[in-house]
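What follows is a set of notes on a single structure, which appears directly below.
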Ligand SMILES: [Zn+2]
């Protein structure tokens with residue numbers, strides 16, 4: 001059941017690429033993190049980071065994901 005969520009979030013990256021609407025991006029990342037936390041799908045409290053560098057392949061802890069998110073917005 002989690003697969004469907006990841007397919008939706010990972011494949012539908014409209015909230016990542018809409019850089020001009022940073023609120024949408026912010027909410028998208030936050031929703032992702034909250035979902036991941038609630039459902040305990042992380043490994044050792046690490047979750048796939050949706051930023052452009054990690055591209056949902058590398059696991060990071062939540063604070064790092066938030067930092068990466070900010071870096072993505074700046075670039
Ligand atoms: Zn990252």
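The values are calculated or read from the model by the stated rules, or taken from the named source; none is laboratory data. Note that this is a predicted model, so its numbers are computed, not measured. Cβ atoms come from the backbone with ideal geometry, glycine included; neighbour counts cover every protein chain shown.
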Inset, instruction - Just one of (1) at pLDDT 75 or above; (2) in contact with a helix residue (DSSP H, G or I) (Cβ under 8 Å, 6 or more places away or on another chain) trips up residue 19, so point out which. - result: (1)
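For every residue, the table says whether it meets (1) at pLDDT below 85; (2) within 11 Å of the ligand (Cβ to nearest atom).
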| residue | (1), (2) |
| --- | --- |
| 38 | no, no |
| 42 | yes, no |
| 48 | no, yes |
| 54 | no, yes |
| 65 | no, yes |
| 72 | yes, yes |
| 75 | yes, no |
